[in-house]
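Taking it in order: structure first as structure tokens, then the write-up.
Coordinate-derived values only; no laboratory data. Quick caveat: nothing in here was measured; it's all calculated off a predicted structure. Counting neighbours? That spans all protein chains shown, and the Cβs are built from the backbone with ideal geometry, glycine included.
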Amino acid sequence: MIDKPTRRELLENTSNPFTLVIMASKRARNLNNGGQELLDDYDGEKVVSKSLEEIAEGKIELEENEE
């Protein structure tokens with residue numbers, strides 16, 4: 001179970017929980033494929049934990065299509 005960041009911290013930077021899941025999964029996939037880490041220090045070791053920490057810190061934003 002992920003204790004940090006909290007759900008409240010994560011939802012401050014996203015519009016809804018579904019967007020959060022999409023952002024975290026895309027960023028985790030990017031990290032798995034060699035993407036650059038955006039924070040100097042991470043509490044978690046796994047890519048999903050790292051992606052959630054980046055979202056909570058406001059380092060990741062979702063570009064929404066205007067369709």
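Summary of packing: across the peptides 32-38, 47-53, 22-28, 8-14, the per-residue average of other C-beta atoms within 10 Å ranks them, highest first, as 47-53, 22-28, 8-14, 32-38. Give me P(r) over region 15-56, computed from all C-alpha to C-alpha distances, binned every 5 Å, as integer percentages. Over region 15-56, the share of Cα pairs per 5 Å bin runs 5, 26, 36, 21, 10, 2 percent.
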